[in-house]
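The values are calculated or read from the model by the stated rules, or taken from the named source; none is laboratory data. The shown structure was predicted, so the numbers you read here are calculated from the model rather than taken from an experiment. Cβ coordinates were reconstructed from backbone atoms using ideal geometry, including for glycine residues, and neighbour counts include every protein chain displayed.
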Amino acid sequence: MKFAYADPPYLGCGKSRYGKYHEEAAVWDDPQSHIDLVHRLVDEYPDGWVISLNPRDLKLYLNAAPDDTRVGAWVKTFHQIRPTTTQFAWEPVLFRGGRKDNKRKPMIRDWIQANATRKKGLPGAKPDVFNRWVLDLMNYQEGDTLDDLFPGTGGMQRTIDELVLL
């Protein structure tokens, strides 16, 4: 099976957070780029896909996604403290498809609790346990393909490589 994972620069963070890493980062400051990404995932990855996003952008993504898209959550046990009343301590994760196995043990929850990463070389890098959870959401197995559309620090590929070694 062929799956995709997308962790684009969150809406409004392209140029400001990623401009020094990638010359085209500013395109992610346009909502249409995110809508187009959802359409690409639907068109090119019928077996399944997962996408990380900012909580404030959930409505935009859900309006673009098919009705059978599910919302998962990454709940951060450690997060950056911001000068707001309510802290941003979770991120939505949309997912669709994946290999079905109703007898899978252990079953996979639609949420994960894990620390955010720090000093991984790129803002927004996900922890290894998160990457493993993404693979589990798709029921990824040896021989499958997962296209990491925004490979950043390479964490998802390292997680896949570790699975092959198990």
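Filter the range 123-148 for residues that are surrounded by fewer than 21 Cβ atoms within 10 Å (Cβ to Cβ) and in a loop (DSSP other than H, G, I, E, B) and give the result. Answer for the range 123-148, where residues must be surrounded by fewer than 21 Cβ atoms within 10 Å (Cβ to Cβ) and in a loop (DSSP other than H, G, I, E, B): PRO123, GLY124, ALA125, PRO127, ASN139, GLN141, GLU142, GLY143, ASP144. If you go through the range 49-79 and keep only what is under 21 Å from TRP28 (Cβ atoms), outside any strand (DSSP E or B), of a type outside the set (Ser, Thr, Tyr) and in contact with a helix residue (DSSP H, G or I) (Cβ under 9 Å, 6 or more places away or on another chain), you end up with LEU53, ASP57, LEU60, ASN63, ALA64, ALA65.
The residues in the range 40-75 that are surrounded by 14 or more Cβ atoms within 10 Å (Cβ to Cβ) and within 19 Å of ILE108 (Cβ to Cβ) can be counted, and the count is 13.
Here LEU163 fulfils each of the conditions (1) closer than 21 Å to LEU41 by Cβ; (2) in contact (Cβ under 8 Å) with a residue 24 or more places away in the chain; (3) surrounded by 13 or more Cβ atoms within 10 Å (Cβ to Cβ) apart from (1). For the range 1-34, a tally of residues being among the aromatic types (Phe, Trp, Tyr), over 18 Å from LEU62 (Cα atoms) and either at pLDDT 90 or above or buried (at least 16 other Cβ atoms within 10 Å of the Cβ) (or both) returns 2. If you go through the range 113-135 and pick out every residue that is over 17 Å from LEU41 (Cα atoms), touching a Lys or Arg at 6+ places or on another chain (Cβ under 9 Å) and modelled with pLDDT of 95 or more, you end up with 2. Just need a number here: residues in the range 93-122 that are part of a strand (DSSP E or B), surrounded by 15 or more Cβ atoms within 10 Å (Cβ to Cβ), in contact with a Ser or Thr (Cβ under 8 Å, 6 or more places away or on another chain) and not small (Gly, Ala, Ser). Of the residues in that region, 4 qualify.
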